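> Dumping the structure here so I can ask a few things about it.
What follows draws every value from the coordinates through simple rules; no lab data is involved. Note that this is a predicted model, so its numbers are computed, not measured. Cβ coordinates were reconstructed from backbone atoms using ideal geometry, including for glycine residues, and neighbour counts include every protein chain displayed.
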Amino acid sequence: MKGIELPINVMVILALAVIVLFAVLMIFMGVWAPLGQTVTPKAALDAACLKLVTMGCETNLAEIYVTNFDADGNGKTGDKADNLKVLCASKTFNKDEDGCRTVCGCT
């Protein structure tokens, strides 16, 4: 029995180390935000603008989804109503589509 205990313990420790390493990588890659961390409207706009520029400045703003931010104020983050068009039209930025494209660096 003693010979089997060591490999099982090592496997459990390795599995925990892999899970922790994966979580740390997700934090640094920006995919997963730790509990309590909030995204500011400016950070959400910057991320959405990056998507717009990457996809092409002529892309429909309603097709650029905003993640980790409630753009439409319905209490749900990441739904299809949370898009760049709604974010730009919000009270925070008050921009129409052309103004939004200008803020994002599309001229």
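> At Ala43 and Met29, where each label point lies 7 Å from the Cα along Cα→Cβ, what is the point-to-point distance in nanometres?
Here the modelled spin labels are 1.9 nm apart.
> Taking only Cα atoms, what is the 0 to 90° angle, nearest 10, from helix 2-29's long axis to the longest principal axis of the chain?
10
> Across 10 Å bins from 0, what is the distribution of all Cα-Cα pair distances for the stretch 41-103, in whole percents?
26, 61, 12
> Counting Lys and Arg as +1 and Asp and Glu as -1, each charge on the Cβ, what is the dipole of the chain about the Cα centre in debye, to the nearest 20?
Using only the charged Cβ atoms, the result is roughly 240 debye.
> Projecting each Cα onto the charge dipole of the chain (Lys/Arg +1, Asp/Glu -1 at the beta carbon, about the Cα centre), which of Leu87, Val39, Val12 comes out farthest on the positive side?
So the residue we want is Val12.
> Can you pull the one-decimal nm distance between simple spin-label points at Asp79 and Ile13, each 7 Å off the Cα toward Cβ?
The answer from the label model is 4.8 nm.
> Using a Förster radius of 25 Å, what is the FRET efficiency between Thr59 and Thr92 based on their Cβ-Cβ separation? Nearest 0.05, please.
0.70
> Expressed as a whole number of Å, what is the distance separating the alpha-carbon centroids of the stretch 85-107 and the stretch 46-83?
Cα centroid of the stretch 46-83 versus Cα centroid of the stretch 85-107: 11 Å apart.
> While we're looking at this one, here's another question. Return a whole-number percent for the relative contact order of the chain, with Cα pairs under 8 Å and 6 or more residues apart as the contact set.
For the chain, the relative contact order is 19 percent.
> Run the numbers on the stretch 41-103 and let me know its relative contact order in percent, using alpha-carbon pairs under 8 Å that are six or more apart.
Relative CO of the stretch 41-103 lands at 28 percent.
> Then there's this: Give me the base-10 log of I(q)/I(0) for the chain at each q in 0.20 Å⁻¹, Debye formula, one uniform scatterer per Cα, rounded to two decimals.
Taking Cα atoms of the chain as identical point scatterers yields -0.99.
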